[in-house]
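What follows draws every value from the coordinates through simple rules; no lab data is involved. Note that the structure is a prediction, hence the values are computed from the model and not measured. Counting neighbours? That spans all protein chains shown, and the Cβs are built from the backbone with ideal geometry, glycine included.
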C-alpha cells in the first residue's frame, strides 16, 4: 500500500515536485551526494538509513534523473556510486532555502551553532538560497561550502557530473 497518493500527473508543480522530493530521505541523500559522498556505504553511514530504504530511494533518484549511477572497481568487484545530474544539482537552492528557514524559525538544539553557506568565489557568507547576497553571483554547487561548526568542518560541495 502506498504511503500517499500519486501526484506525478498533477497540473500543480508543487504537487509534482513533492511527488519526488516529499520524502525527507530524498533531500538527505541528495545533500550527501552534493557533498561528495557518492558510495552506498558512505551515504548510509552518514545519514543512518537502512540498506533497504536507501536502495529504494537511490533507485527512485536514478529513475527521476536526479542521480546517475557510475561504475567503479574496488579490490574485488565492480560497484556503483551515485553522482548528481544537472537536475540533482538544481536542488541546491532548495536545500539552502530549507537551511535558511530552519535557522530562522526552529530552535537551535543545545550545543548547536549557526551553519554558514559560504560562496567560495567571493569568500563571503550568503543569506540567499540561489544568489550570493554579497556579490550577486549565482550559487552553484561547486562554488559553495557549508561551514558546520558543530562538526568542525567546512565542506565544499560538488557539482553535477557530465554523463
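List 72, 82 from most exposed to least, where exposure is judged by having the fewest other Cβ atoms within 10 Å. Mind dumping the intermediate values first?
Working: 72 10, 82 25.
Placing the least packed residue first, the sequence is 72, 82.
For the chain, set up a Gaussian network in which alpha carbons nearer than 10 Å are linked by springs, and say which option among 41, 137, 75 fluctuates the most.
Comparing 41, 137, 75 in the GNM, the peak value goes to 75.
Which values of log₁₀ I(q)/I(0), to two decimal places, follow from the Debye formula for the stretch 91-156 at q = 0.18, 0.19, 0.22, 0.27 Å⁻¹ with a uniform point scatterer at every Cα?
-0.63, -0.70, -0.91, -1.24
Would you mind telling me which residue in 74, 19, 130 has the biggest mean-square fluctuation in a Gaussian network model of the chain, where springs connect alpha carbons within a distance under 10 angstrom?
74
Percent relative contact order of the stretch 13-88, based on C-alpha pairs within less than 8 angstrom and at least six residues apart? Spell out each step's value before the answer.
Details: 70 pairs, mean separation 21.3, N = 76.
RCO, the stretch 13-88: 28 percent.
What shape does the stretch 81-128 have by the C-alpha gyration tensor, where a ≥ b ≥ c are the square roots of the eigenvalues, rounded means a/c under 1.5, and otherwise prolate means a/b greater than b/c and oblate the rest? Walk me through the numbers on the way to the answer.
Numbers: a/c = 2.10, a/b = 1.51, b/c = 1.39.
Prolate.
Neighbouring Cβ atoms within 10 Å as the yardstick, rank 69, 151 fewest first.
Working: 69 14, 151 10.
Going from sparsest to densest Cβ surroundings: 151, 69.
Given a cut-off of under 8 Å on Cα pairs at least six residues apart, what relative contact order in percent is computed for the stretch 91-156?
Once divided by the residue count of the stretch 91-156, the mean separation gives 31 percent.
Specify which labelled value, from (i) 0.95; (ii) 0.98; (iii) 1.06, agrees with Rg/Rh (Cα atoms, Kirkwood Rh) derived from the coordinates of the model shown.
Comparing each candidate, only (ii) matches the computed number.
Quick one: among 114, 35, 105, which has the greatest mean-square fluctuation in a GNM of the chain with alpha-carbon springs under 10 angstrom?
With Cα springs under 10 Å in the chain, the top fluctuation among 114, 35, 105 is at 105.
How are the Cα pair distances of the stretch 13-88 distributed, in percent, across 10 Å bins from 0?
Using 10 Å bins, I get a P(r) of 19, 55, 23, 4, 0 for the stretch 13-88.
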